[in-house]
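In what follows, a structure is listed as structure tokens, so that the remarks can point back to it.
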Amino acid sequence: MGSDFRAYWDDQDGVAIVEWISGTTCSLADAQSATSQVDNLAAGGRVPVLVDMRGMTTLERSAREHFINDNSSAVAVALLAGSAVNRMIANFFIGLKRFAIPIRIFTDRDDALAWLREHP
């Protein structure tokens with residue numbers, strides 16, 4: 001468990017979930033910890049990941065670069081954004097690089113989970 005997020009495996013939906021706590025600034029240390037915990041949850045495999053970033057207010061440049069360059073265990077990533085700030089962060093993040101895995105922004109958790117089920 002990171003100080004600014006919670007990472008866990010959701011048995012019902014078969015996805016790793018990273019939930020950022022309200023008011024969070026995601027630092028490089030947070031980003032490294034989050035990807036490490038997803039890797040642990042994947043146990044050497046590749047898994048779909050739901051990133052609930054509705055609580056995130058800032059994504060530091062170093063954290064953004066870590067996420068962009070990370071060769072994590074994710075097979076697909078759904079970014080769950082709520083506010084205009086979240087959507088701006090998510091859109092900016094996605095626009096920085098062509099990712100090798102599917103990555104998409106959602107405002108509805110059920111829609112995000114349905115999409116992730118298509119990327120087992």
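About its Cα centre, the dipole of the chain is roughly 420 debye, where the only charges are +1 on Lys and Arg Cβ and -1 on Asp and Glu Cβ. Computed over region 61-120, the Cα gyration tensor eigenvalues convert (square root of 5λ each) into semi-axes of 18, 16, 8 Å, ordered from largest to smallest. With the simple spin-label model, which puts each label point 7 Å out from Cα in the Cβ direction, the Met88 to Ser22 separation comes to 2.1 nm.
Each label was represented as a point 7 Å from its Cα along the Cα-to-Cβ direction; for Gln32 and Glu65 these points are 1.3 nm apart. Taking only alpha carbon atoms, the chain gives an Rg to Rh ratio of 0.91, where Rh is the Kirkwood radius. In region 18-79, the alpha-carbon atoms span a convex hull of 68 Å³ per residue.
No value in this document is a laboratory result; all are computed from the given coordinates. Bear in mind the structure is a predicted one, so any value in this text is a computation, not a measurement. In this analysis, Cβ positions are derived from the backbone assuming ideal geometry, glycine residues included, and neighbour counts consider all displayed protein chains.
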